[in-house]
1. Can you run down the residue pairs with Cβ atoms below 6 Å, 6 or more apart or on separate chains, where the first is in the range 45-69 and closer than 19 Å to M106 by Cα and the partner is in a loop (DSSP other than H, G, I, E, B) and among the charged types (D, E, K, R)?
2. I'd like to verify a number: residues in the range 50-102 that are part of a loop (DSSP other than H, G, I, E, B), open to solvent by 30 Å² or more (accessible area, probe 1.4 Å) and farther than 19 Å from K15 by Cβ, how many?
3. Please go through (1) surrounded by 13 or more Cβ atoms within 10 Å (Cβ to Cβ); (2) assigned to a loop (DSSP other than H, G, I, E, B); (3) of a type in the set (G, A, S) for G46 and return the number of the only condition it doesn't satisfy.
4. Scanning the range 54-102 for residues that are among the basic types (K, R) and under 19 Å from R28 (Cβ atoms), which turns out nearest to the chain's Cα centre (by Cα)?
5. Scan the range 72-93 and report the pairs whose first residue is touching a residue at least 40 places away in the same chain (Cβ under 8 Å) and among the small types (G, A, S) and whose second residue is open to solvent by less than 60 Å² (accessible area, probe 1.4 Å) and in a strand (DSSP E or B), with Cβ atoms within less than 9 Å and a gap of 6+ or a chain change.
Amino acid sequence: MKEIKDLIGTPLPLKSLTDYQQGSIVSRMVINKKSGTVTAFAFEKGEGLSEHSAPYDALVIVLEGEAEIPIGGVSHIVKEGDMLIMPAKIPHAVHPLSRFKMMLVMIHE
């Protein structure tokens, strides 16, 4: 897999940034700046993130598969090509309904 420095100025298919790993959630930091982060995730079937909150607004961009993402007690079903904004300090979770890849863009204040 290419190093972050090798990604700069290189067109890549988004789905290729992470690979599935049995029984795991794989993440790859693509951008890590004081102003925010961009991270690619691959969730193997049956894996997910329990309810938590973050201090920053976040944008989920679905790259592959389908998931239920509850935000503040309201469930949202997302699939490939969808985006979903998760507001800061509101509890949310990620429950994949299949193998699932997403890009998470976190905007820091």
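The values are calculated or read from the model by the stated rules, or taken from the named source; none is laboratory data. Since this is a predicted model, take the numbers as computed values, not measurements. Cβ placement follows ideal geometry from the backbone for every residue including glycine, while neighbour counts extend to all protein chains displayed. The area values use the complete protein model at the heavy-atom level, side chains included, leaving out ligands, DNA and RNA. Shrake-Rupley method; radii C 1.70, N 1.55, O 1.52, S 1.80 Å.
1. Once the first residue is closer than 19 Å to M106 by Cα and sits in the range 45-69, its partners that are in a loop (DSSP other than H, G, I, E, B) and among the charged types (D, E, K, R) give S53/K89; V62/E80; V62/D82.
2. Qualifying residue count for the region: 11.
3. Only one criterion in (1) surrounded by 13 or more Cβ atoms within 10 Å (Cβ to Cβ); (2) assigned to a loop (DSSP other than H, G, I, E, B); (3) of a type in the set (G, A, S) is unmet by G46, namely (1).
4. For the range 54-102, the residue satisfying everything is K101.
5. Within 9 Å, the pairs are A93/L49; A93/E68; A93/I71.
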